[in-house]
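Novice: Sending over a structure as structure tokens; questions will come in a sec.
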Amino acid sequence: MEINIGIDTKNREQIAGALSKVLADTYTLYMKTHNFHWNVKGPMFQTLHLMFEQHYNELWLAVDAVAERNRALGFPAPGTYKQFVALSSIKEDDGVPKAEDMIRRLVEGHETTARTAREAFKLAAEINDQPTCDLLTQRMQIHEKTAWMLRSLVE
Ligand SMILES: [Fe+2]
């Protein structure tokens, strides 16, 4: 059945493309946060181990919401590591960083994802796609708040 929600196919495809980048950043940040939850060491262990767990649980729910918006727009959601590596703007880590470097890299990851979401928002707003704008607004809010909280640990 054809999709008839008041956004034409070309525009839906463009938004799905922008959302795929948000999904790839979010998934990569999810993985980074879970990795750091497993491997963090040092005097801040307890705090960071638990904080990272809260963050990766939130990110895990977010990837689902973003992917399902792609589907509602009529396009596939990327779902392989290969696609995520190609689409993501977040650098992966080699080895195990020191606790403070983990925090800095997570701040960068949240800020990068906020920027990617903000780019996608511009497009969604132009195209008059309110549900995508709503989703992206929520994502930006979370990423910016999380970046602030993490940054506060190292200032
Ligand atoms: Fe765990």
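The values are calculated or read from the model by the stated rules, or taken from the named source; none is laboratory data. Everything numeric in this text was worked out from a predicted model, so none of it was measured. So basically every Cβ, Gly included, is an ideal-geometry build from the backbone, and we count neighbours across all protein chains shown. Heads up: the accessible areas ignore ligands, DNA and RNA and are worked out on the full protein's heavy atoms, side chains in. Shrake-Rupley method; radii C 1.70, N 1.55, O 1.52, S 1.80 Å.
Novice: Using amide H atoms built 1.01 Å from N in the peptide plane, name the residues 5+ places from G74, or on other chains, whose amide H lies under 5 Å from its own.
Specialist: Placed amide hydrogens put nothing under 5 Å from G74.
Novice: Order the following by accessible area, largest value first: L23, L50, L135. Probe radius 1.4 Å; ligands, DNA and RNA are ignored.
Specialist: Result of the area sort, largest leading: L50, L135, L23.
Novice: Another question, then. With 5 Å bins from zero, work out the P(r) of the range 93-155 over every alpha carbon pair and list the percent per bin.
Specialist: 4, 19, 23, 17, 14, 10, 8, 5, 1
Novice: Just to check I understand the Karplus step: with θ = phi - 60° and J = 6.51 cos²θ - 1.76 cosθ + 1.60, what whole-Hz values come out for the range 12-27, glycine and proline as x?
Specialist: Result, rounded to whole Hz: 4, 5, 5, 5, 4, x, 5, 5, 4, 5, 5, 4, 5, 5, 5, 5.
Novice: Quick one: accessible area per residue over the range 1-148, 1.4 Å probe, rounded to a whole number of Å²?
Specialist: It amounts to 57 Å² per residue over the range 1-148.
Novice: Could you sort the peptides 146-154, 94-102 by per-residue average Cβ neighbour count (10 Å cutoff), highest mean leading?
Specialist: 146-154, 94-102
Novice: Additional query: Cβ neighbours within 10 Å, averaged per peptide: list 115-122, 40-47 in order, most packed at the top.
Specialist: 115-122, 40-47
Novice: I need the P(r) histogram for the range 1-145: all alpha carbon pairs, bin width 5 Å from 0 out to the longest distance, whole percents.
Specialist: Going out from 0 Å in 5 Å bins, the range 1-145 shows 2, 10, 20, 21, 17, 12, 8, 5, 3, 1, 0, 0 percent.
Novice: Follow-up question, since we're still on this one. From the phi angles alone, apply the Karplus equation (6.51, -1.76, 1.60; θ = phi - 60°) to the range 51-58 and give each ³J(HN,Hα) in whole Hz, x where the residue is Gly or Pro.
Specialist: Working through the residues one at a time gives 5, 4, 5, 4, 5, 5, 5, 5 Hz.
Novice: Quick one: which of K41/K122; K82/K145; K21/K98; K82/K122 span more than 31 angstrom between C-alpha atoms?
Specialist: Listed pairs above 31 Å: K41/K122.
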